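J.: Quick one: the structure is below, questions incoming.
The values are calculated or read from the model by the stated rules, or taken from the named source; none is laboratory data. As the structure is a computational prediction, the values presented were derived from the model and not from experiment. Positions of Cβ are generated from backbone atoms using ideal geometry, with glycine treated the same way; all protein chains shown enter the neighbour counts.
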Protein chains: 2
Amino acid sequence: MLRTWLFSKNVRHMVFDAIDRAILKRLQSDGRISNANLAEAVGLSPSACSRRLDILEKSGVIRGYHARLSDKALGYRMTAIVHISLSGQFAKTLTEFEKAVQRCPNVLSCYLMSGEYDYVLRVVVKDLEDYERLHRDWLSALPHVVRINSSFALRDVIDRPNTGLDINLA
Amino acid sequence: MLRTWLFSKNVRHMVFDAIDRAILKRLQSDGRISNANLAEAVGLSPSACSRRLDILEKSGVIRGYHARLSDKALGYRMTAIVHISLSGQFAKTLTEFEKAVQRCPNVLSCYLMSGEYDYVLRVVVKDLEDYERLHRDWLSALPHVVRINSSFALRDVIDRPNTGLDINLA
DNA sequence: CGTGAAAGGGTTCACTC
DNA sequence: GAGTGAACCCTTTCACG
């Protein structure tokens, strides 16, 4: 169990006006929209829109543009949530674990946690057999692991492509 | 606790050749690349590349294109993993819960689970106070909830923008 | 922030192999 | 299935008001 800081960095967040938020929201749902169409959608001229987008991109609010692929269509039909505890919480222990877990492509997300377990992982696998392999060859082999608790997703209820912005606009 | 089917749908997955995978991989990391540049990157003529992309998009492998925003920059600096159990597992109970949870913009993902809890949610909030509000006004108010267990992410170790494809290519 | 025009690219055909 | 070439459309990006 960990008892550390709750905030890793002081990422200052900018203040966005209604148009900025409209731009972000639009790019969230359509990452490939052209600047001209985006401008029209938010009621701006193309040049003004382009200038704003530049600023937004440089500010770091936009972490990137990505095609979202379907795990299922790629053959990865199971999602597992894996809770893991380590034998200690020394910085070195955490770092070694984290470096190792980065190398496993099945792991889509990994959080260092407060609470009962040290890490929560979200992993995708093709099927139960694939999961067995992953558990044997990867999860159990990660350094310093003393406890693993896996459960499986039966269904995706919510899987939002993106983060928090809707909250501002709700 | 639930004991249901493990696979919701038979999503047949297509077979992709090396060029398809290169296209998908490229769009995964750069969702805004133009068809012309994409074609060059994968060693195809623009027209051939455009044809393939059409097929890929229609096949459903590509679920969409999105700008990935920074929660942190938007002021959402905490991530919580919330485990929830309901009072029963009748279809109606699940449906009512799921309809309600959809309406909460803080919930970025939600899985129906096998195992000890019925659902796992990943939610973002601004701070502890915001979490308290969420817990009081949203989580506790969701229908049929009998047990809630929250833990907090101290740090993102892995947060891949996308899914499974790297596994094929590793 | 908007306008307008110039310049450069991008997309998409029909056609060919 | 893939490449070529050309037409057309669209986009971006200035300088300026």
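J.: Cβ-Cβ distance below 8 Å, separation of 6 or more or different chains: which pairs start in the stretch B:90-101 with a residue that is in the same structural domain as B:LEU142 (by TED's automatic domain parsing) and end on one that is polar (S, T, N, Q) and surrounded by 12 or more Cβ atoms within 10 Å (Cβ to Cβ)?
T.: That search, which allows pairs on different chains as well, returns B:THR93/B:SER87.
J.: Is one or more of the residues making up the stretch B:45-60 away from DNA strand D (no atom under 16 Å from the Cβ) and either within 9 Å of chain A (Cβ to nearest Cβ) or of a type outside the set (D, E, K, R) (or both)? Step through it out loud before you land on a result.
T.: Applying the first criterion (away from DNA strand D (no atom under 16 Å from the Cβ)) to the stretch B:45-60 yields B:60.
Next, from what is left, pick out any that are either within 9 Å of chain A (Cβ to nearest Cβ) or of a type outside the set (D, E, K, R) (or both): B:60.
Yes, because at least one residue in the stretch B:45-60 is away from DNA strand D (no atom under 16 Å from the Cβ) and either within 9 Å of chain A (Cβ to nearest Cβ) or of a type outside the set (D, E, K, R) (or both).
J.: Any residue at all in the stretch B:103-110 that is of a type outside the set (Val, Ile, Thr) and in contact (Cβ under 8 Å) with a residue 40 or more places away in the chain? Let's see the steps before the verdict.
T.: Start the filter on the stretch B:103-110 by keeping residues that are of a type outside the set (Val, Ile, Thr), which leaves B:103-106, B:108-110.
In the following step, the residues that additionally are in contact (Cβ under 8 Å) with a residue 40 or more places away in the chain were identified as none.
Taking every residue of the stretch B:103-110 in turn, none turns out to be of a type outside the set (Val, Ile, Thr) and in contact (Cβ under 8 Å) with a residue 40 or more places away in the chain.
J.: What is the one condition in (1) in contact with a helix residue (DSSP H, G or I) (Cβ under 9 Å, 6 or more places away or on another chain); (2) in contact (Cβ under 8 Å) with a residue 40 or more places away in the chain; (3) farther than 30 Å from A:VAL125 by Cα that A:SER59 does not satisfy?
T.: (1)
J.: Could you list, in sequence order, the residues of the stretch A:127-147 that are without any contact (Cβ under 8 Å) to a residue 24 or more places away in the chain and buried (at least 17 other Cβ atoms within 10 Å of the Cβ)?
T.: A:HIS135
J.: Hey, does the stretch B:143-153 have a residue that's within 30 Å of A:ASP54 (Cβ to Cβ) and not assigned by TED's automatic domain parsing to the domain that holds B:ALA22? Show your work before the answer.
T.: If we filter the stretch B:143-153 for residues that are within 30 Å of A:ASP54 (Cβ to Cβ), which is where we start, we get none.
No - not one qualifying residue is present in the stretch B:143-153.
J.: To continue, here is another question. Taking the residues in the stretch A:61-106 that are under 17 Å from A:HIS135 (Cβ atoms), at pLDDT below 95 and surrounded by fewer than 18 Cβ atoms within 10 Å (Cβ to Cβ) as candidates, determine which candidate is nearest to DNA strand D (Cβ to nearest atom).
T.: Only one residue tops the list, namely A:PRO105.
J.: A follow-up question, please. Can you tell me how many residues in the stretch B:19-41 are more than 10 Å from every other protein chain (Cβ to nearest Cβ), within 10 Å of DNA strand D (Cβ to nearest atom) and surrounded by fewer than 19 Cβ atoms within 10 Å (Cβ to Cβ)?
T.: Taking the stretch B:19-41 and keeping what is more than 10 Å from every other protein chain (Cβ to nearest Cβ), we get B:19-20, B:22, B:35-41.
Filter once more, so that each one left must be within 10 Å of DNA strand D (Cβ to nearest atom): B:19-20, B:36, B:39.
Filter once more, keeping what is surrounded by fewer than 19 Cβ atoms within 10 Å (Cβ to Cβ): B:19-20, B:36.
Final tally of qualifying residues: 3.
J.: Against the conditions (1) under 29 Å from A:LEU121 (Cβ atoms); (2) within 12 Å of another protein chain (Cβ to nearest Cβ); (3) free of Cβ contacts under 8 Å to residues at least 24 places away in the same chain, where does B:HIS66 fall short? Just the number, please.
T.: (3)
J.: So, of the residues in the stretch B:28-64 that are away from DNA strand C (no atom under 12 Å from the Cβ) and in a helix (DSSP H, G or I), which turns out to be nearest to the chain's Cα centre (by Cα)?
T.: Within the stretch B:28-64, the match that is nearest to the chain's Cα centre (by Cα) is B:GLN28.
J.: Looking only at the stretch A:135-155, how many residues end up being within 27 Å of B:SER109 (Cα to Cα) and either among the hydroxyl-bearing types (Ser, Thr, Tyr) or part of a strand (DSSP E or B) (or both)?
T.: Residues flagged as within 27 Å of B:SER109 (Cα to Cα) and either among the hydroxyl-bearing types (Ser, Thr, Tyr) or part of a strand (DSSP E or B) (or both) within the stretch A:135-155 amount to 11.
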